[in-house]
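Structure first, commentary second.
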Amino acid sequence: MLIITIFFRLKSKTIAQEYTCHLIKTQKMEVATGMQENTEIKMEGSSDNQKTLLAVLQFLKKNNLASTAAMLEQEASNVSSGDGNSSDQKRFITSDVSSLLSSYSNKADPSSYQDNYRMLKQFIDSNLDSHKWEVSQILYPVFVHMYLELLYNNHEGNAMQFFLKHSQDLDDFHHEDLVKLSTMTRKDQMEGNELMRVFHSSEFVVKMSRDSYQMLKRYITDKNLQLISGIIQDHIFVDVFDGLPRTRNQIHSTSGGLGGDARREENKTKVFYGLLKEPDIDVTLDDEDEQSGANDSELGEGASKPKRKKKREILSRKNKADPNAPSNTRIPLPELKDVDRAEKVAAIKESLKRVRLGGPDVVAPTVCCYTFTNAFSGVAAVNISDDSSLLAAGFQDSYIRVWSLTPHSLKNIKSAPELALLDKEADDILDRMMDERTASDSRTLLGHTGVVYGVSFSPCREFLISSSEDGTVRLWSLLTWTNLVVYKGHLWPVWDISFSPHGYYFASCGQDRTARLWSTDHHQPLRVFAGHLSDVDCVAIHPNSNYIATGSSDRTVRVWDNLNGNCVRVYTGHKGSISCLTWSPDGKYLASGGVDKQVLVWDIPNKVLIAEFADHSSMVCALSFSRDGEVLASGGTDNTVKIWDFQRAIADIDTYDINLNQGNVSLPDNGNYLISTFTTKSTPILHLHFTRRNLLLAVGSYTPT
C-alpha cells in the first residue's frame, strides 16, 4: 500500500574490549572444532609469470571454481613438462601463508616494536601544531603493519599487548578497521582477512608537506628507528608537496579512506564536465505556456517583461555550447527519435514553470512523501522516472513493482494482429498501440532470484533496469512488461544500477569491487572499472554521459572516464561506507552521502571538497539537487528530509584559498546552510527526486517503532 504525505512550504565498547572478547571466542572455537587446515598454492621460482599464475589460481579457488583451477594447474604442469622438467614434479604445491607474506619476515626483537612506536608517538606529541597533525597521519599505517609483522613472526603475545596498548590512541574513524584487524590473532588467520589483503596489496597513501616529511625522516634516522623506516619504505607512500603544512581541519576533511589519501597524480586528468550541446529543437509556446508563471494583465506591463525575458533566456540557453563540455561525438550516443524530441520539448516547457528555490530569498520546496506501508517483504530499492510519472520499487522477495504517479494507467501493448490493423501515420499512434483492457495502476515484474537492490528508468520510460543479489542485471520492457535481457558479468550481488541521462548506456556496481558500463544492445559490459579496495555500493552517471561516479565501502569516491575506462578523480573524506551519489545539473559538482551521517560535495574541475553538511543523526540514503542546482536535498534513516542552501555554500568558497593550499580548502561552518528539515513519523527516506517544476518527491518505507 502506498500512502502520500505532503509537507507544505511554511560510543559503544572500546576496541580493546572487543579485541579481548574476540580472543576468548577464538580460543573456544579452536577447542570445539580444532584447527582448520589452511592450504594454498605455492609456486616454485619467482618469475612474473609464475606470480601471475599464482594470483589467478588464488582467485579461482577463493570463488569455489575448483574445476577451472584444476584445469589451469594441469595446463601449467604440461607447460613445465615441455620445458624439460620432470612430469611428476608439480609446479604448484600446497604450503603455508609465508609464500605470500614473506615481506613481513623480520628477526627483530619483538619488544623493539613497542619501543619504536612509543618513540614515534612521543616525537609527534612533542612537535609543533604546524607539523604535528601532518606527521600523526603516519601512526595508523605503522600501527597496522607492526601488528601484522608481529603476527607473521609468531609473536602472538607481543602482538596482543601491542594492540591493547596503542589501539586507543588512533582516530575514532579507524574503529571499524581495527575491529577487523582484531579478528587476526595468529599467523594462519592472515590470508583470509579483508583488511590484511588491502594493506598488503597496496601502499597506504599519506599526504605531507616537504618540511614535515623532512623533519620526520631526520628523526627516524637520528634515533635509528629501523622498524619504522622499513615499514615506510615497503608499505607507505608519502605524497610530498611543496607549500604550507595542512591544518588539522584540512587533514580531517580528506582522511578516512581505507587506503589513505588520494595521490595527487590521480586527480590531474582534465575532466570535460560541461553539458553536451542540445540538438536544435524548435520550441513553440502555446497559450498555457505564455500564461504560466503570471498573468500579464494582473501584474501589469512592468512585471510581464522580465518573465518573457526569462523564458527567452531559457530557450536560448539550450542551444549554447558549453566550453567545458566534451564533443557530442566523444562517445557514441543514440540518434534522437521523434518521441525523444517530443520529450525534450515537454521538458523545456515544464522548465518554464519551474519555481526558483535559491537566490537572495531562499525558500524551501514543497515536499510530497510517498510511504510504503505493510511492505512485509521489505523495500530495498526505489527510483522515479525523470518526468516524475512512474515509481519503481525492488523488494527483498525478488519482486519489482511499478506504479503510475499520474492519472494515466499502465497498459500492455496490443497483440501483433491488432497492431497490424492500425494506421501507422496517425498522430496518436502511440496511444492506439496500447490495450485499454489491460489498464492498471501498478505492474509486477518477476525474474530475479534474490533481493532487488537497484532499479532505474530509461529517459524515454520504455525500459527499466534492475540489479539483484543473484548477481544479474535485467532489462525490462515497460510496453510488454516482460524481461528482455539478462546481463551476467558481476561475480556477486549487484548493489546499484543507473541509466544514462541520454539512454542507451547504464552502469552497475557490486560486491566484486568493480563497476561496469553496459549498453542495451550488448550482453557483455563495454567497460569494467576496477580500482576500489572494497565493495562498490553506489553509482551515478554524469549528465553528459561521458563519466560515471562510484562510491565504495573503502570510503572513497571515484570518477571514471567512459571513453577509456581510466579513473580520473579519487576523493577521500568520508569516515564510513558511501551509500548514495548525485551529480549537480551542470555536471560541475558531485555530492555523496554515507554511513558516517555526512553529505560531502566535491568540485570536479578544482578537484577538492567544497562543502560538508553534517546535520543528520543517522545514515544518509538519498540525495538530489534541485533542477536549477541551487539547493540540495538529503534524506536518511533518521526519518528526515533536509534542504541545504548549496548556492550559498559554493559562493563562500574562496578560489584563492584553493590555489594557495595545494587544493585543500578550509571549509566554513556548514550549519548555517540548512534551510529546513522535514520530519516523518517513522519513515526512513530511501529516494529523493525533484520534478521539473522543483517539487520534491520523497519515498520511504514505514518502519513501526
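Per 0.36 nm of contour for each residue apart, how much would the distance between S202 and T677 grow if the chain were fully extended, relative to their Cα-Cα spacing? All intermediate terms of the calculation are to be shown ahead of the outcome.
Numbers: separation 475, 0.36 × 475 = 171.00 nm, distance 4.18 nm.
Between S202 and T677, full extension yields an extra 166.8 nm.
For Q598, nonlocal amide neighbours, meaning residues 5 or more places apart or on other chains whose placed amide H falls under 5 Å from its own, are V620. Solvent-accessible area of the range 343-414 (1.4 angstrom probe, protein heavy atoms only): carbon and sulfur portion equals 47 percent. Please compute the Kirkwood hydrodynamic radius over the range 320-431, one decimal place, Å, based on all pairs of different Cα atoms. Roughly 19.2 Å, rounded to one decimal. Expressed as a whole percent, the accessible area of the range 525-592 that falls on carbon and sulfur atoms is 44 (1.4 Å probe). Summed over all non-identical Cα pairs, the Kirkwood treatment of the range 372-485 gives a radius of 14.9 Å. Solvent-accessible surface of the range 411-470, taken per residue with a 1.4 Å probe and all protein chains present: 56 Å². Could you tell me what percent of the accessible area of the range 94-189 is made up of carbon and sulfur, with a 1.4 Å probe and every protein chain present? Carbon-and-sulfur percentage of accessible area, whole number: 48. Computed with the Debye formula from one identical point scatterer per Cα of the range 571-642, without solvent, the log10 of I(q)/I(0) at q = 0.18, 0.21 Å⁻¹ comes to -0.61, -0.83.
Shape class for the range 144-189: prolate, because the ratio a/c of the largest to smallest gyration tensor axis (alpha-carbon atoms, square roots of eigenvalues) is 1.5 or more and a/b beats b/c.
Taking Cα centre as origin and charging only the Cβ of basic (Lys, Arg, +1) and acidic (Asp, Glu, -1) residues, the dipole magnitude of the range 134-223 rounds to 300 debye. If R0 is taken as 35 Å, the Cβ-Cβ distance between L422 and R330 corresponds to a FRET efficiency of 0.35. Under a no-solvent Debye model with one identical scatterer per Cα of the range 414-548, what's log10 I(q)/I(0) at q = 0.11, 0.21 Å⁻¹? Debye curve over Cα of the range 414-548, log10 I(q)/I(0) at q = 0.11, 0.21 Å⁻¹: -0.46, -1.19. Judged by the mean number of other Cβ atoms found within 10 Å, the most tightly packed of the peptides 473-486, 194-207, 620-633 leads the ranking 620-633, 194-207, 473-486. Accessible surface for the range 497-640, divided over its residues, is 24 Å² per residue with a 1.4 Å probe.
How large is Rg/Rh for the range 117-263, to two decimals, with Cα atoms and a Kirkwood Rh? Can you show the working numbers first?
Details: Rg = 14.9 Å, Rh = 15.8 Å.
Result for the range 117-263 is an Rg/Rh of 0.95.
Between R186 and T449, the FRET efficiency from the beta-carbon distance, with R0 = 41 Å, is close to 0.60. With kT/(6 pi eta Rh) evaluated at 4 °C and eta = 1.567 mPa s, and Rh the Kirkwood radius from Cα pairs, the range 190-232 diffuses with a coefficient of 105 µm²/s according to Stokes-Einstein. Computed on the Cα trace of the range 485-596, the radius of gyration divided by the Kirkwood hydrodynamic radius gives Rg/Rh = 0.94.
The values are calculated or read from the model by the stated rules, or taken from the named source; none is laboratory data. Keep in mind the model is a prediction, meaning the values are calculated, not measured. Every residue, glycine as well, gets a Cβ built from its backbone with ideal geometry; the counts of neighbours run over all protein chains shown. Accessible surface areas use protein heavy atoms only, side chains included; no ligands, DNA or RNA. Shrake-Rupley method; radii C 1.70, N 1.55, O 1.52, S 1.80 Å.
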